[in-house]
Amino acid sequence: MMTSLGSGIAIGYLIFVVLGLIISIAILWSTRAGRRDGGQGVDLEKAERAEPWWGVFVVGLLAILLGLTIWQAPWFTENDDPKDVQVKVTGIQFGFLVQPTQVKVGQDVEFAVTSKDVNHAMALYNPKGQMIMNVQAIPDYTISRSYRFTEPGTYEIRCLEFCGYQHHKMIYPAFQVTA
Amino acid sequence: MSTTIPPIAAGAPEALPYDDARMPLPLVQARTRRFVLRVIWSSTAFLVVSGVLGLLLRLRQGQVIELGDNFWYAVMTAHGLGAFIAWAGFFLMGITFWVLMKVGFPVRSFVLPELMYWSMMAGVVGIVLTTLLSGFGGSWVFLYPLPFFSAGQWSNTVTGIFAGSVLLAGVSILAYCAAVLQTCISPALQARKDTLGQRVGLTFGFGLLFPSRFKTDRGRVPYPVLPFAVNAVDMFLATLPFAALLVLNIVQSVNNGFSINVLLAGNMLWAFGHPVVYLLLFPAAATYYYLVPRYAGRDLVAGKAVAVAWLIALTMNLFVWAHHLYMNYPDGENVQQTLGTIMQPTTYALVLPSALSLFSIAATIYKSNFQWNVASKFLIAGIISWLVAGLQGIINATAAFQETLHNTLWIVGHFHNMAFLNMGLLIFGAMYAFLPELMGRGWWNERLGSIHLWGTIVGAYGWVTCQMIQGLEGAPRRWAVLPDQYLTLTHVSLGFLALLVAAQLVFAYNLWTTLRRSPFDDPTASFAGGTQR
């Protein structure tokens, strides 16, 4: 089951893929006309002149996407405001040390994530199996990421950065969020 | 089955041969043909091995077969390097010299291409031995310091040998880059003023931008030269920090008291790890530039914009690595966050060469008398995949989406879409297009070629789409055993993979039967008329 951001990415991607396929099919279909007139029925210089404008169009679209998203980068969305509770998460081959192991719905929770050995990542899955957080655990560094829980239940932490032969078993199964 | 690549429109610069007095053209053609064939057979053998390894990975994820945990990760490491570098990268490195010769840029010396070939072969042998036999399972990016935290699965000595083997593959890439520049920045440019500055300018598209200052007797430099040359410069520069990282790994493997800053090591890795995608994509673009106009029966529709785009690629390609490190934003470490902020727009800038190339190719095909055969159909499928995978690339370059996508199967689906369904389909198309003239015999059966095409498209798209959906649902990447919630789609993808494998068996049979056919009466006939059959 996808999160709302995952669904949004999927829908946006599909819209552009369908548009691209329609244009591609139209171009390929046009070769039927080319077969009849030996490929002479098109003004190639006009197409060449249009190319820079296509470039400008693409740059414009990308600039809009950049303007809409860059401020949502994880390092811009995190702030230094005091949080209700800090949860320390330390990755170590092949498990997580989590302290405390329980928080309450509505609390501002700051996860301070680090590692004792290699790179790991703390991915937090809600009771529905959706991934709601994804934070790297880097040796000698700490990354802080905040979250306010809205649903009680048992959450699961999985390692999302490859860390060795037991990587897929690096799961903390019982992070509790109470009402 | 049609065996010839049609000539481009009469008088186009790309039909001009260049005969180097030091090594007569027929001699270079014959030797290049033998060299390129050797690379094609070697890289295709690597495809077979890495393809089987990839299948084992997915079968284990689907809980169809059992594999030891560390062996699964060792197989994953070998599969990643084997498929990406030893098959696709190596093939495109080899075919580069054929395409360059066809556009009038014959190899000037075989010392560097031979170094490229043998160092890659030695590197692959080392990688196979250290992964499949000695159990190195650090993944193909072997993110530091994991190679030295094996949890008892492999020794530091094995890490050192593995790093040395990858370094040999790096030497192969450096030799390739040097050979391409030696071939391109050459008298074959036919510069009016034959100075180094003029040659460099012409090679990198200044003749398109400033035709009165950079003149050539060719009229203009063939378009395929641009991506080949840009790639050669970028990969040369990008390989150096990675080579340094490998050397540091080797040093640590013999002196465990030595260590590197983890963030610095990550940056050194990705300074190579992203541009290496373009080791495949740019030669692929050049090969599209060469082949598509021939099937469309007209010169590539391109102007100054394409030259600008490749100059952007030349510079920006070296400044995009940090998008692989978006999720590394430690508290109080502003450098990494700044790099991430800068490298989202620089990564977006790299969309331009692809977008303008796709425009040029589309305009070239539009209302043309396009020749449809197996080779050209593979090319068209590859071009459409370039568009599709490029759209995914824009999503991946966006930092705000990373908490949902980073290290999920979406990424795995994306790079298989780019590497297998863009570059891979181009590789198959190039094999259908070039092998007749390289082998001196035509393909045995066109119908089998069509079965190969559709089996590959349906099988591979079915498989990568399953992975991408799983990724959007949070399925972790590089897990030997996936959580049960992803099992259904894994099984669906195995059905598509079975179709993909069947299509490759059809291809293998067609190729085998073709190789057993009698050659053309006169194998050298494929070179009649200079650079064109």
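Going through the range B:234-286, which chymotrypsin sites (Phe, Trp or Tyr not before Pro) have at most 13 other Cβ atoms within 10 Å and a DSSP loop state? Before the final figure, lay out the partial values.
Working: sites: B:Phe236, B:Phe242, B:Phe258, B:Trp270, B:Phe272, B:Tyr278; in loops: B:Phe258.
Passing sites in the range B:234-286 are B:Phe258.
Can you list residues from other chains, or at least 5 along the same chain, whose modelled amide H is less than 5 Å from the amide H of A:Lys104?
Residues meeting the amide H criterion: A:Thr178.
Would you calculate a helix-derived [θ] at 222 nm for chain B, using -39,500 (n - 2.57) for each DSSP H run of n ≥ 4 and dividing by the full residue count, to the nearest 500?
Numbers: 19 runs with 338 residues, N = 533.
So the calculated ellipticity at 222 nm is -21500 deg cm²/dmol.
So what is Rg over Rh here for the range A:81-178, counting just Cα atoms and using Kirkwood for Rh?
Details: Rg = 12.5 Å, Rh = 13.2 Å.
Taking Rh as the inverse mean 1/r over Cα pairs, Rg/Rh reads 0.95.
When DSSP beta bridges are limited to those with both residues in the range A:81-178, what percentage is antiparallel, rounded to the nearest 5?
Working: 26 of 37 bridges.
Of all bridge pairs located within the range A:81-178, approximately 70 percent are antiparallel.
Would you mind checking the tilt of helix A:4-37 against the longest principal axis of the Cα atoms of chain A, expressed as 0 to 90 degrees and rounded to 10?
So the helix axis and the longest Cα principal axis differ by about 20 degrees.
When all alpha-carbon pairs of the range B:373-428 are counted, what percent fall beyond 19 Å? Don't skip to the answer; put the middle values down first.
On the way: 502 of 1540 pairs.
Of the Cα pairs, 33 percent sit more than 19 Å apart.
Considering the Cα trace of chain B, what is its radius of gyration and what is Dmax, both in angstroms?
22.7, 72
Find how many whole Å separate the alpha carbon centroid of the range A:113-149 from the alpha carbon centroid of the range B:252-283.
After rounding, the separation between the Cα centres reads 23 Å.
Which Cα, out of B:Thr341, B:Met418, B:Asn396, lies furthest along the positive dipole direction of chain B (beta carbon charges, K/R +1, D/E -1)?
B:Met418
Taking only the C-alpha atoms, wrap a convex hull around the protein assembly as shown and report its volume per residue in Å³ as a whole number. Before the final figure, lay out each step's value.
Values: hull volume 104.6 nm³, N = 712.
So the per-residue hull volume is 147 Å³.
Counting helices only, and only those DSSP H runs with n ≥ 4, report the 222 nm mean residue ellipticity of chain A as the sum of -39,500 (n - 2.57) divided by its residues, in deg cm²/dmol to the nearest 500. Don't skip to the end; give the middle numbers.
On the way: 3 runs with 64 residues, N = 179.
Result for chain A: -12500 deg cm²/dmol, rounded to the nearest 500.
How many percent of the alpha carbon pairs in the range A:4-75 exceed a separation of 20 Å? Spell out each step's value before the answer.
On the way: 1421 of 2556 pairs.
Value for the range A:4-75 (Cα pairs over 20 Å): 56 percent.
In the protein assembly as shown, with Lys and Arg counted as +1 and Asp and Glu as -1 at Cβ, which of these residues, B:Gln153, A:Leu44, B:Leu494, has the Cα nearest the positive end of the dipole, that is, farthest along it?
After comparing all options, I get A:Leu44.
Just the number, please: percent antiparallel of the DSSP beta bridges in the protein assembly as shown, rounded to the nearest 5. Working shown, then result.
Values: 29 of 40 bridges.
Around 70 percent antiparallel, to the nearest 5.
Tell me the angle of helix A:44-69 to the major Cα principal axis of chain A, expressed in degrees between 0 and 90 and rounded to the nearest ten.
That works out to roughly 20 degrees.
Any idea what angle helix B:69-81 forms with the longest principal axis of chain B, computed on alpha-carbon atoms, 0 to 90 degrees, nearest 10?
That helix lies at roughly 20 degrees to the long axis.
Readers should treat all values here as calculations from the given coordinates under stated rules, not as data from a laboratory. Computed from a predicted model, the values in this text were never measured in an experiment. Ideal geometry is used to build each Cβ from the backbone, glycine not excepted, and the neighbour counts take in all protein chains shown.
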